[in-house]
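Step one of this worksheet: look at the structure below.
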Amino acid sequence: MSTRVYDCLKAIGEKIIENRDFLTDLDREIGDADHGVNMARGFQSVIEKVSQDDSDIGASLKKAGMTLLSTVGGASGPLYGTAYMEAGKVLMGKETLTADDLKLALEAAIAGIQKRGKAEKGEKTMLDSLIPAYDVYCEKIGGGASIVDALDAACTAANEGIEFTKTIAATKGRASYLGDRSIGHQDPGATSLTLTLETIRDFLKG
Ligand code: ADP
Ligand code: MG
């Protein structure tokens, strides 16, 4: 990725906006029916506020994170906002993205989400897609895979993570109020996170 970081953020935003009703419907089942609406509003602002001319990947991600933090609201606003800002910190000054850069960025995003939300894997959150995706990504690039092939495998793991969230009760976030009644429903945040990874993969592929 060279000067295309804005285009990638725009593609993520468009994917989220396209899935606004789907994500909101998922959140209606186990939350308060606002995940898609919140995220779509946030990414509309990202598309408007991030500079199209800034080729600094880190600075652009930081700006995107600050924008999400101030516009998304709910639990996911601070969590996604922190994830983008922390990823931005490790990519500051970079105009191209290596497989290792992306590894460090994903690692920082996970650490940020966990610092803020205090969740572990297995609590029916976005981490149930992101952590398995990261693990598989690392394994693949460790074995010499290209960034796109590693991301492809990571997306499969993220989708498996979504399936896994259907089988467990939420113990973090609003869905945890439902206890065992949250079983059988897929987590909205794990879903938006997987859409994000798929968009990055498709973007780097194209
Ligand atoms: P809210 O629950 O405040 O309405 P959203 O509906 O926008 O916020 O987002 C809900 C999503 O946030 C959940 O599906 C889950 O993936 C994620 N989430 C909630 N709490 C946490 C947490 N502590 N750590 C990680 N992700 C979380
Ligand atoms: Mg909600």
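For segment 47-85, a residue qualifies if it is within 14 Å of ligand 1 (Cβ to nearest atom), surrounded by fewer than 22 Cβ atoms within 10 Å (Cβ to Cβ) and not small (G, A, S), and the qualifying residues are L69, T71, P78. Checking each residue in segment 23-43 for being surrounded by fewer than 17 Cβ atoms within 10 Å (Cβ to Cβ) and without any contact (Cβ under 8 Å) to a residue 40 or more places away in the chain picks out D25, R28, A33.
Of the candidates L79, L127, the single residue that is touching a residue at least 12 places away in the same chain (Cβ under 8 Å) and away from ligand 2 (no atom under 16 Å from the Cβ) is L127. Residues being modelled with pLDDT of 95 or more and in contact with a Gly (Cβ under 7 Å, 6 or more places away or on another chain) are represented in segment 180-193 by at least one member. For segment 138-197, filtered to residues that are closer than 11 Å to I30 by Cβ, of a type outside the set (G, A, S) and assigned to a helix (DSSP H, G or I), the residue that is nearest to the chain's Cα centre (by Cα) is P188.
The values are calculated or read from the model by the stated rules, or taken from the named source; none is laboratory data. Here the structure is a predicted model, which is why all the values come from computation and not from measurement. When we count neighbours, we look across all protein chains shown, and the Cβ atoms used for this are built from the backbone with ideal geometry, even at glycine.
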